[in-house]
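Peer 1: Take a look at this one; I'll ask things after.
The values are calculated or read from the model by the stated rules, or taken from the named source; none is laboratory data. None of these values were measured; they are calculated from a predicted model. Because the Cβ atoms are built from the backbone with ideal geometry, glycine has one as well, and the counts that use them run over all protein chains shown.
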């Protein structure tokens with residue numbers, strides 16, 4: 001059929017190695033429109049799955065939730081036609097995305113979690129991944145009590161096809177120890193990741209970034225420098241993965257303790273990644289920016305190119321550090337208030353206060 005040839009051409013272009021994920025996504029949206037106009041549900045499903053794969057590596061996942069909702073409806077209408085494990089794996093991504101959006105009520109997230117759990121059990125799968133999603137959120141909130149509860153629950157259930165990989169689970173335990181405040185324990189736990197005995201798409205890059213941040217905060221400059229070097233090497237391999245903006249924020253803090261000139265270069269290079277997202281990734285980046293800029297002379301003026309849609313943008317490209325600091329501090333405060341209101345606690349506000357103390 002002619003429309004399938006059109007779709008295949010778009011797919012071929014979208015899967016070129018040199019293409020940016022955002023441009024690939026635009027081509028896949030065109031392909032989806034063609035499939036939908038021809039009422040080809042199976043093709044539409046496959047294309048949406050591929051678009052989700054592309055958007056996974058972006059900080060701005062504009063289509064993520066709507067794509068998955070469509071796929072879930074298509075699966076429920078004809079479950080024999082689609083791979084349930086791939087769908088459930090993407091369900092895990094969606095749970096993260098809902099948690100990271102302060103506009104999504106807790107009640108709705110709980111309903112989604114229970115639906116995910118039901119689907120696991122119906123297919124004879126374990127619920128380790130169900131607990132993992134709640135553990136990850138507790139760690140993002142630095143909620144020590146809930147983190148401990150859910151870590152125990154995760155480890156009480158055997159691994160299965162929907163469990164996070166060994167690298168990711170180990171990185172999660174490293175994050176737990178970082179939140180506990182023990183750099184030595186976290187570093188020791190991370191040694192198999194540091195030595196790259198276990199790896200996946202984002203691990204150990206995010207591990208290096210977290211540990212680098214904690215090392216400089218813990219007055220371990222030599223280890224911090226070593227970890228920064230390893231993080232930079234890892235980032236070169238995923239140079240278009242803007243979903244790593246939170247990890248890059250950790251490195252910016254490190255640089256403002258050790259090499260402010262390079263820190264400003266990082267800000268200029270990566271700022272657009274943060275400004276393109278409205279989720280918790282933006283909160284954590286704003287927190288890191290405020291913490292980094294606090295190390296700089298507030299009266300100093302710097303030459304830096306901000307994105308044109310940045311609220312402080314000036315054609316002169318010259319800014320007072322205090323104005324930049326105030327912008328990111330206010331932004332972090334605003335997001336903290338939104339998340340705390342949704343989560344019915346003050347966990348995000350506490351993290352902001354801790355970072356700037």
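Peer 1: Any chance you could count how many residues in the range 97-107 are part of a helix (DSSP H, G or I) and touching a helix residue (DSSP H, G or I) at 6+ places or on another chain (Cβ under 7 Å)?
Peer 2: Applying the first criterion (part of a helix (DSSP H, G or I)) to the range 97-107 yields 97-99, 106-107.
Those left that are additionally touching a helix residue (DSSP H, G or I) at 6+ places or on another chain (Cβ under 7 Å): 97-99, 106.
Summing the residues that are part of a helix (DSSP H, G or I) and touching a helix residue (DSSP H, G or I) at 6+ places or on another chain (Cβ under 7 Å) in the range 97-107 gives 4.
Peer 1: Restricting to the range 15-63, name every residue that is farther than 28 Å from residue 78 by Cα and in a helix (DSSP H, G or I).
Peer 2: Matches in the range 15-63: 21, 22, 23, 24.
Peer 1: Might you let me know whether the range 321-342 holds any residue that is more than 30 Å from residue 109 (Cα to Cα) and in contact with a strand residue (DSSP E or B) (Cβ under 7 Å, 6 or more places away or on another chain)? Break it down into steps so the answer makes sense when it comes.
Peer 2: Here is the first cut: in the range 321-342, the ones more than 30 Å from residue 109 (Cα to Cα) are 321-327.
Filter again for in contact with a strand residue (DSSP E or B) (Cβ under 7 Å, 6 or more places away or on another chain), leaving 321.
Looking through the range 321-342, at least one residue is more than 30 Å from residue 109 (Cα to Cα) and in contact with a strand residue (DSSP E or B) (Cβ under 7 Å, 6 or more places away or on another chain).
Peer 1: Hey, among the residues in the range 236-268 that are out of contact with any helix residue (DSSP H, G or I) (no Cβ under 8 Å at 6 or more places or on another chain) and modelled with pLDDT of 95 or more, which one's farthest from residue 218 (Cα to Cα)?
Peer 2: Residue satisfying both the conditions and the ranking: 268.
Peer 1: Within the range 338-357, count every residue that is without any contact (Cβ under 8 Å) to a residue 40 or more places away in the chain, within 18 Å of residue 137 (Cβ to Cβ) and part of a helix (DSSP H, G or I).
Peer 2: 2
Peer 1: Out of 67, 5, I need the residue that is in contact (Cβ under 8 Å) with a residue 12 or more places away in the chain, on the phi < 0 side of the Ramachandran plot and in a helix (DSSP H, G or I). Which one?
Peer 2: Result of the check over 67, 5: 67.
Peer 1: Residue by residue through the range 334-357, note down the ones that are under 21 Å from residue 213 (Cα atoms) and surrounded by 15 or more Cβ atoms within 10 Å (Cβ to Cβ).
Peer 2: 336, 347, 348, 349, 350, 351, 352, 355
Peer 1: Conditions first: (1) in the same structural domain as residue 219 (by TED's automatic domain parsing); (2) over 22 Å from residue 214 (Cβ atoms). Residue 163 passes all but one, so which condition is the exception?
Peer 2: (1)
Peer 1: Right, next: What's the number of the condition residue 124 fails, among (1) farther than 26 Å from residue 339 by Cα; (2) part of a helix (DSSP H, G or I)?
Peer 2: Single failed check for residue 124: (2).
For (1) surrounded by fewer than 18 Cβ atoms within 10 Å (Cβ to Cβ); (2) in a helix (DSSP H, G or I); (3) at pLDDT 95 or above, each residue gets a yes or a no:
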residue: 112; (1), (2), (3): yes, yes, yes
residue: 115; (1), (2), (3): yes, yes, yes
residue: 136; (1), (2), (3): no, yes, yes
residue: 148; (1), (2), (3): yes, yes, yes
residue: 154; (1), (2), (3): no, yes, yes
residue: 162; (1), (2), (3): no, no, yes
residue: 186; (1), (2), (3): no, yes, yes
